[in-house]
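Have a look at the structure below before the remarks.
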Amino acid sequence: MLAACGSEDRPIERERVRTPPQGAADARIPYYQDNLFQVARGARFFSWYGCGSCHAAGGDEALDLADGKWRHGGDFDAVFASIAQGRAPGMPAYGSRMPVETLWQVTAYVRDIEKQDAATRRRQDLDRRAEGGGRGS
Amino acid sequence: MAALDLNAPQADLAQDAAALDAIWRDPPGIRGFLTTVDHKRIAARYLVTTLALLVIAGILALDMRLQLSQPGLERMGPQAYNEAFTLHGSTMLFLVSVPVMEAMAIWLVPLMLGQRNLAYPRLTAYSYWLYLGGVLMLWVPHALGITPDLGWFQYPPLSGPAYGPGHRVDIWAQMITFTEVAALAASVNVAVTILKMRPPGMTLARMPLFLWAMLVTSVMTVLALPAVMLATSLLIADRLVSTQFFSPGAGGDVLLFQHIFWFFGHPEVYIIFIPAVGFVSAIVETFTRRAVFGYTVQVLAIISVGLLAFGLWVHHMFAVGLPRLGASFYTAASMAIALPIGLQIFSWIATIASGRPRFDTPLLWVTGFIATFVIGGLSGVMTASAPLDLQLTDTYFVVAHLHYVLIGGALFPLFGALTYWFPKATGRIMSEGWGKIAFWLVFVGFNIGFFPMHLLGLMGMPRRIYTYPAEAGWGTLNLVATAGMLIASLGAAIIVANAVISLRWGRRAGVDPWGGATLEWSCASPPPPWNFAATPVVASLTPGWEPPPRAVMTGLSLENREVLVTSVGDAVPEHRQPSPGPSIWPLLTALATALLFVGSIFTPWAVVWGSIPVAAALIGWFWPRTRPEEAQAEAP
Ligand SMILES: [Cu+2]
């Protein structure tokens, strides 16, 4: 139950992270990865920054984030690095466009996708796409 | 068949008391507590629960007022504030206002009808247990840190799957399912009792106004509450099994939620207000020593309020951009409802003016109600105007308006009613001196607390903000509002203390301390488990003021629980109806229902598998049991 409570937190007033994760076991990771609110924020930024235009559900296998396969490592720090620094050939570096905390939240969301069932992800994408904030997911 | 016996007043039937006691008394101890179907015991626990929650919600309100008393305070953060107003609003609207009126009806309706119980005694018990489930549904997760935080109406898309992660929204939505099923059960119970169990002679035209009020309320409840359960169930479906009712991206509609919600939400205001109207009429009648002026007008006004209430809901949605013609229609309808309510208010004023008013505490509360409710009604007419509402919506003006109508319009009459019927329920009278002091503190404190909010709203202060900058210039009025709330809280504390102390040391009441005109004042205080030794026979609107001897009807069984069933229109006795005794099945069924409701937050399969325990419990509940008298009846 305690874990559930942590996942239900709304950490609006908690101090924000200012630095990238220090390795895969950084003590700050659970505050993002295991918190539903932070993951949902990440999902929103994922949509706003247009990540879904390449990483859409059911798209190209190499770009699929839902299959649990990670070409550059699936640990938190590895995924964070992929987003922040970009990956050849096509993935741009978002480290210069997203604030640090946003990178944490998007990382948490991206690593959460494989745990979601397709219908839930599709339903949430529908709402976020209707928001009209980014280029759509 | 029952016999009309004009020569046997209640006192002469004392020898029946021992026999009645044997069949109507509950089993002792915890078994009796869990199995009772006595409407008075169930109403008492309903009332204690609702009033305890009223106090808790009031403390939350005080907490919020302290937070807003000065600009820029940080004693509460935004999240804590969101949770506070959500808990306050959800508790007050779903767990206090409607249930407290049901509680009063469950207690009062059989007494006012000279009956021994409601039509469906076990359903009464089921209503309470399920209602308690709703209370736990909101407050246990709060204790665990999972508190709904989107206000008392949780609109999608904010409450939808994309923006309302976790179970906070589901908890709120399912809390509603609990309380609304409980309220539906209670309403069916009350409506059937009023229609089919009136004492001989109490035709529809001789029905006390409180019963008219509860009848109309019950019918409204049956029509309105399914709408909110539909809204929240669709929301849960959107969140749990990814349906697309409220997803515009898939052709759904977020406004659909608001329409369905307010189709319930506006009638709900009158579901709270109309029982209060019934209290006011009863109190005005007793304390002016005359029958209420304009009985027919009052009845027609209650019915037309009940009808009109279903045609106004869009005034909660003027700001969402609906077609202008539609908005104009709802503006007109919202203003039209002021007419029947105005007629009622004039009728009460005429009653007070032409009677011999005795301003004891209950009538003071009624006077406070009239003054406050008129202000709330006027601000209501203002917000009903679509162009003005566009400016006022989501400001403190709305907060002021809704508290004037809900506290002034429903809670003031409720406090009057609690003072008025306290001696009947407990056998003791609450202190009049402290009662009057408490009234003035609450009345003055309330107006100091909430009137400034009208001005704050006009100055543009939005509702649901946890703090505001000093430059906004709202500091002084907010400080005044907080001071008013503190004064009112002191009055509320005195009411609670007065009730607790009077329960133990209050003056003994006797059967009829106020000289009331309705039937509940002719049974003992507190009423015994069987209420009346014999069914009273009614010949006028004010049977309590008829000169003795008073006719009664005898002939109900002294061996089994029985109640008298009469015809709908003229209350002609039709037959004796066996009335079920204590049973554990309502509690077990409520537990099974709770299992289904709670489970369906987590998995849709709970609806499938959870229905098995519910079905099993219902089979146990309805399993045919032969009664001794039925066995006898078959013999000859
Ligand atoms: Cu309304």
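Please pick out the residue among B:Thr419, B:Thr367, B:Thr372 that is in a helix (DSSP H, G or I) and free of Cβ contacts under 8 Å to residues at least 24 places away in the same chain. Don't jump to the end; show me each part of the working.
Details: B:Thr419 fails: free of Cβ contacts under 8 Å to residues at least 24 places away in the same chain; B:Thr372 fails: free of Cβ contacts under 8 Å to residues at least 24 places away in the same chain.
None of the other options fit; the residue is B:Thr367.
Counting only residues that are more than 16 Å from the ligand (Cβ to nearest atom), in contact with a helix residue (DSSP H, G or I) (Cβ under 7 Å, 6 or more places away or on another chain) and not small (Gly, Ala, Ser), the range B:296-319 holds 5 of them. Looking only at residues of the range B:267-295 that are among the aliphatic types (A, V, I, L, M) and not in a helix (DSSP H, G or I), we find that the one that is farthest from the ligand (Cβ to nearest atom) is B:Ala291. Number of residues in the range A:86-131 that are under 30 Å from B:Gln244 (Cα atoms), surrounded by fewer than 13 Cβ atoms within 10 Å (Cβ to Cβ) and more than 10 Å from chain B (Cβ to nearest Cβ) equals 1. Taking the conditions (1) under 28 Å from B:Gly145 (Cβ atoms); (2) within 14 Å of chain B (Cβ to nearest Cβ) in turn, A:Pro21 satisfies each one other than (2). The residues listed here are B:Gly89, B:Gly72; of these, the one that is touching a residue at least 60 places away in the same chain (Cβ under 8 Å) and on the phi > 0 side of the Ramachandran plot is B:Gly72. Restricting B:Val222, B:Val190, B:Val254 to those that are hydrophobic (A, V, I, L, M, F, W, C) and under 20 Å from A:Ala130 (Cα atoms) reduces the list to B:Val254. Can you work out which of the residues in the range A:27-50 that are surrounded by fewer than 18 Cβ atoms within 10 Å (Cβ to Cβ) and more than 14 Å from chain B (Cβ to nearest Cβ) is nearest to B:Pro157 (Cα to Cα)? Only one residue tops the list, namely A:Gly50. Of note, B:Gly249 satisfies the criterion of being of a type in the set (Gly, Ala, Ser), in a helix (DSSP H, G or I), more than 16 Å from the ligand (Cβ to nearest atom) and crowded, with 18+ Cβ neighbours inside 10 Å. Yes or no: the range B:541-561 includes at least one residue that is among the basic types (Lys, Arg) and either at pLDDT 95 or above or under 27 Å from the mean Cα position of the chain (by Cα) (or both). So far as the range B:541-561 goes, no, none of its residues is among the basic types (Lys, Arg) and either at pLDDT 95 or above or under 27 Å from the mean Cα position of the chain (by Cα) (or both).
Rundown of residues vs (1) modelled with pLDDT under 95; (2) among the charged types (D, E, K, R), yes/no style:
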| residue | (1), (2) |
| --- | --- |
| B:Phe422 | no, no |
| B:Val444 | no, no |
| B:Gly449 | no, no |
| B:Met461 | no, no |
| B:Thr476 | no, no |
| B:Met485 | no, no |
| B:Ala499 | no, no |
| B:Trp505 | yes, no |
| B:Arg508 | yes, yes |
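For the range B:288-317, filtering for residues that are over 21 Å from B:Met335 (Cβ atoms) and without any contact (Cβ under 8 Å) to a residue 12 or more places away in the chain leaves 1. Inspection of the range B:183-191 identifies no residue that is touching a strand residue (DSSP E or B) at 6+ places or on another chain (Cβ under 7 Å), closer than 30 Å to B:Leu118 by Cβ and more than 14 Å from every other protein chain (Cβ to nearest Cβ).
Every residue, every condition in (1) within 16 Å of the ligand (Cβ to nearest atom); (2) without any contact (Cβ under 8 Å) to a residue 40 or more places away in the chain; (3) not small (Gly, Ala, Ser), yes or no:
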residue: B:Gly201; (1), (2), (3): no, no, no
residue: B:Trp212; (1), (2), (3): no, no, yes
residue: B:Pro226; (1), (2), (3): no, no, yes
residue: B:Gly265; (1), (2), (3): yes, no, no
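The selection criterion, being part of a loop (DSSP other than H, G, I, E, B), free of Cβ contacts under 8 Å to residues at least 12 places away in the same chain and either within 14 Å of chain A (Cβ to nearest Cβ) or not acidic (Asp, Glu) (or both), does not hold for B:Gly160. Considering only residues in the range B:252-263 that are away from chain A (no Cβ under 11 Å) and buried (at least 19 other Cβ atoms within 10 Å of the Cβ), the one that is nearest to the ligand (Cβ to nearest atom) turns out to be B:Trp262.
Yes or no, residue by residue, for (1) of a type in the set (A, V, I, L, M, F, W, C); (2) within 14 Å of chain A (Cβ to nearest Cβ); (3) outside any helix (DSSP H, G or I):
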| site | (1), (2), (3) |
| --- | --- |
| B:Asp26 | no, no, yes |
| B:Leu34 | yes, no, no |
| B:Leu66 | yes, no, no |
| B:Pro71 | no, no, yes |
| B:Ala80 | yes, yes, no |
| B:Ala84 | yes, yes, no |
| B:Ser90 | no, no, no |
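Give me the residue from the range B:328-341 that is away from the ligand (no atom under 11 Å from the Cβ) and buried (at least 21 other Cβ atoms within 10 Å of the Cβ) and, out of that set, modelled with the lowest pLDDT. Filtering the range B:328-341 for residues that are away from the ligand (no atom under 11 Å from the Cβ) and buried (at least 21 other Cβ atoms within 10 Å of the Cβ), the one modelled with the lowest pLDDT comes out as B:Thr331. Within the range B:140-157, the residues that satisfy the criterion of being on the phi < 0 side of the Ramachandran plot and more than 10 Å from chain A (Cβ to nearest Cβ) are B:Val140, B:His142, B:Ala143, B:Pro148, B:Leu150, B:Trp152, B:Phe153, B:Gln154, B:Tyr155. Starting from the range B:108-130, take each residue that is within 12 Å of B:Ala43 (Cα to Cα) and list its partners that are aromatic (Phe, Trp, Tyr), counting only C-beta distances under 6 angstrom and pairs at least six apart or across chains. That search, which allows pairs on different chains as well, returns B:Tyr128/B:Tyr46. For the list (1) crowded, with 23+ Cβ neighbours inside 10 Å; (2) farther than 27 Å from B:Arg290 by Cβ; (3) touching a residue at least 60 places away in the same chain (Cβ under 8 Å), I need the number of the one condition that B:Trp348 fails. Failed condition: (2). Within the range B:467-498, which residues are buried (at least 16 other Cβ atoms within 10 Å of the Cβ) and not hydrophobic (A, V, I, L, M, F, W, C)? The answer is B:Thr467, B:Tyr468, B:Gly475, B:Asn478, B:Thr482, B:Gly484, B:Ser489, B:Gly491, B:Asn498.
Okay, residues lined up against (1) within 14 Å of chain A (Cβ to nearest Cβ); (2) of a type outside the set (Asp, Glu):
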{"position": "B:Ala224", "(1), (2)": "no, yes"}
{"position": "B:Ala227", "(1), (2)": "no, yes"}
{"position": "B:Leu234", "(1), (2)": "yes, yes"}
{"position": "B:Asp238", "(1), (2)": "yes, no"}
{"position": "B:Gln244", "(1), (2)": "yes, yes"}
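Of the helices (runs of 4 or more DSSP H) lying entirely inside the range B:522-636, those containing at least 1 residues that are crowded, with 18+ Cβ neighbours inside 10 Å span B:585-602, B:605-622.
Evaluate the range A:74-83: report whether one residue or more is away from chain B (no Cβ under 14 Å), within 22 Å of A:Thr19 (Cβ to Cβ) and among the aromatic types (Phe, Trp, Tyr). Yes, some residue in the range A:74-83 is away from chain B (no Cβ under 14 Å), within 22 Å of A:Thr19 (Cβ to Cβ) and among the aromatic types (Phe, Trp, Tyr).
The values are calculated or read from the model by the stated rules, or taken from the named source; none is laboratory data. Predicted, not measured: the structure shown is a model, and the values here were computed from it. All Cβ positions, even for glycine, are placed from backbone atoms using ideal geometry, and neighbour counts span all protein chains on display.
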